């Protein structure tokens, strides 16, 4: 699951860094595709990534605790 989760984070990050020019995979990102338009507004990208960054950090900490 953690690899899947980090993969989703990477896909979301790529979408956010694409400046609105990247077509998101709706099957993978599901409701997160609603943020695709945010990528056109650089000042809002950091806000959109905040929750995803917290998720990523939690997955990494859980992985290191299980190692």
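Summary value for the stretch 2-66: 36 percent relative contact order, contacts being C-alpha pairs under 8 angstrom separated by 6+ residues.
With label points built 7 Å along Cα→Cβ from the Cα atoms of residue 62 and residue 10, find their separation and express it in nm. So the label points at residue 62 and residue 10 sit 1.8 nm apart. With angles folded into 0 to 90 degrees, how steeply does helix 2-17 sit against the dominant principal axis of the chain? Use alpha carbons for both and round to 10. The angle comes out near 20 degrees. As a size descriptor, the averaged projected area of the C-alpha convex hull of the stretch 2-66 was calculated at 4.1 nm².
Where a number appears in this text, it was derived from the coordinates with a stated rule and is not lab data. This one's a predicted model, so the numbers in the text were calculated from it and none came from an experiment. As a convention, Cβ positions derive from the backbone with ideal geometry for all residues, glycine included, and neighbour counts pool all protein chains shown.
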